[in-house]
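**Q** One structure is given below, represented as structure tokens, and several questions about it will come after.
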Amino acid sequence: MVDAAVPRWHGDNYQARIFWENALNLLDPTSCVVEVTFEANGPKAFDDVVVKYDPPVARSGPDRVSAEYHQVKWHVEYGGRFGFKDFIDPVFIGAKSFSLLQRLQQARQTAPAASRFAFVTTYRIKDDDPLADLVSANDKSLLVEKLFDGTTDKSRMGKVRKLWRDHLNLTSDDELRSVLIGLRVLEGYRSLEELRTQINLRAQVVGLLSYSDANSDFRYDELARQLKVRQLNALTSETLEQFCREEGLLADRIVEKKDPFLKVAIRSFLGPAADIVGATPENTLLLTDDFRQRYLRDDLDWQRDIRPKVESFLRAAVVKSARLQLILDAHASIAFLAGSVLDLKSGVEVELVQKGRVGSRTWHPDDGSATRGAPFNIVVDRSGGGGEIAVAVSISQSTEVQTRAYIASRLPKVEALVSFDLPMGPGQQSVAGGGHASALAEQVSNTLRDIKPQNPDTLIHIFAACPNSFLFFLGQHHQGIAPCIVYEFDFDRRSHKTYQPSFVLD
């Protein structure tokens, strides 16, 4: 009984270490990794570890990669060998019905177009097997140009193509190529002890504790499983740092005293609480003269007159301090624009003063509230054919009815409406805090990236009823959403009583 259990434990630990090998990149400010998931909810068989990148990263080939899905296979013996025929055998991956290639084919149908799939194994490819000639020494990707070399099915590579094509019930090499592009075969991968050493070194680099080889256990192994148990297995840099803080993983280090946040304010209207939390006059952009109550003056234009003022003001504020406390007594569109200026690549740390029924609160993207709030429910309704996409975000109030009416009367080129609603319905206290708002914004951004991978120039129309902090965080993802148009709604019903376009970001 013990002998049978030990390999299973080692296999679990191996998967956990592949996870940490990728997840620690979240704490590296130079890394493009933005999310790492341990035991994701699909695609089947390639869900052991999922890594997402923003911006997408360069790999072999012309296309950049936004996500990589891993299947991890650990074996007791390190000297095992495999070949191209094993890819059609379910037993090779410990399955009964579906082979590695069949799982890859299925995963291709659900994953975003800019995805790659990695098969990680301690086994090595047989020296005399055609597969040995098909794996790149650069990044272990399958060399499809070498496989599809124009030879007949009786050739060395033709036999590989025919076996795989027949197994997948495909009728042409072009169909097979579309399944195989982006597959990586990470054969002969690191041993358990090599991964332990690698994780210890990486942990020290990003400021986490490492654990001595003298210890019988390795704490990171169990922590990966606890993430799954606590449903925290999809980590961003903020949630990982919070988790490490809670688990006492942060290494002792001298913490430099940070400069205080510089308070800056943008005011396009003056509400009852406008002066409760304030910035000095030199750090305040006052736009109230450009509006009649909440409505832009007829002789002014959002893009021509308002946008330059907001962008110049914020860029000047960044020169004064890299840590800003932003007070937005302003229109939703201005909040989105502010986020686009102080985006994720700006190097500026921003916290926001969010006003609501319980008064003013300071919202920060890593305040830990992401785990206390629910994600959006998402519905995609494709009913048109013009190539554009509309987005309806309902947090404070429902927006879908008004959005559909506006689309029907003003936006004939919209072919899809993507609705984002919280499970508990709209309300003034639906967002738990800055971390929750940031996570929701990231969910919207990732969803839109997945919907328009084939045409990054697809125009997005954004209709939202939500806290300004959410729109600020969404604006920080503008590079993944643009080109886009943000809309303002006449909630006071004193003017046009519908939506009006404001800023156009490209």
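The values are calculated or read from the model by the stated rules, or taken from the named source; none is laboratory data. Predicted model only: the values in this text are computed from it and were never measured. Cβ coordinates were reconstructed from backbone atoms using ideal geometry, including for glycine residues, and neighbour counts include every protein chain displayed. Accessible surface areas use protein heavy atoms only, side chains included; no ligands, DNA or RNA. Shrake-Rupley method; radii C 1.70, N 1.55, O 1.52, S 1.80 Å.
**Q** Among (1) 25.9, 82; (2) 27.3, 86; (3) 25.8, 91, find the value of Rg and Dmax of the Cα atoms in Å that was calculated from the structure presented, and write down its label.
**A** Checked against the structure: label (1).
**Q** Over the chain, what is the relative contact order in whole percent, taking alpha-carbon pairs under 8 Å and six or more residues apart? Show your work: numbers first, answer last.
**A** On the way: 909 pairs, mean separation 57.3, N = 506.
Across the chain, relative contact order equals 11 percent.
**Q** Mind grabbing the accessible area of SER430 for me, 1.4 Å probe, Å², rounded to tens?
**A** We get 20 Å² for SER430.
**Q** Right, here's the next one. Could you work out the local net charge near LEU286, counting Lys and Arg as +1, Asp and Glu as -1, over the other residues with Cβ closer than 11 Å to its Cβ?
**A** -1
**Q** Where the accessible area of the stretch 350-481 is counted over protein heavy atoms with a 1.4 Å probe, how much of it, in %, is carbon and sulfur?
**A** Roughly 46 percent, rounded to a whole number.
**Q** Ok, one more. Counting only DSSP beta bridges with both residues in the chain, what percent are antiparallel, rounded to the nearest 5?
**A** Roughly 45 percent of the beta bridges in the chain run antiparallel, per DSSP.
**Q** Filter the trypsin sites (Lys or Arg not before Pro) in the stretch 119-156 to those in DSSP coil with at most 11 other Cβ atoms within 10 Å of their Cβ, and list the result.
**A** LYS154
**Q** Helix-only mean residue ellipticity at 222 nm, the chain, DSSP H runs n ≥ 4 weighted -39,500 (n - 2.57), per residue, nearest 500. What is it?
**A** One gets -9500 deg cm²/dmol as the mean residue ellipticity at 222 nm.
**Q** To continue, here is another question. Please work out the Cα center distance from the stretch 103-146 to the stretch 312-349, rounded to the nearest Å.
**A** Using only Cα atoms to place each centre, the spacing works out to 43 Å.
**Q** Right, next: Over the chain, average the accessible area per residue using a 1.4 Å probe and give it in Å², no decimals.
**A** 47 Å²
**Q** Based on alpha-carbon positions alone, could you give the equivalent ellipsoid semi-axes of the stretch 1-62 from the gyration tensor, as √(5λ), descending, whole Å?
**A** 28, 14, 10
**Q** Please return the longest stretch of the chain lacking exposed loop sites, where GluC sites (Glu not before Pro) count only if DSSP places them in a loop and at most 12 other Cβ atoms lie within 10 Å.
**A** Answer from the scan: 257-506.
**Q** Over the stretch 64-172, what percent of the accessible surface lies on carbon and sulfur atoms, probe 1.4 Å?
**A** Details: 2520 of 5170 Å².
Here it works out to 49 percent.
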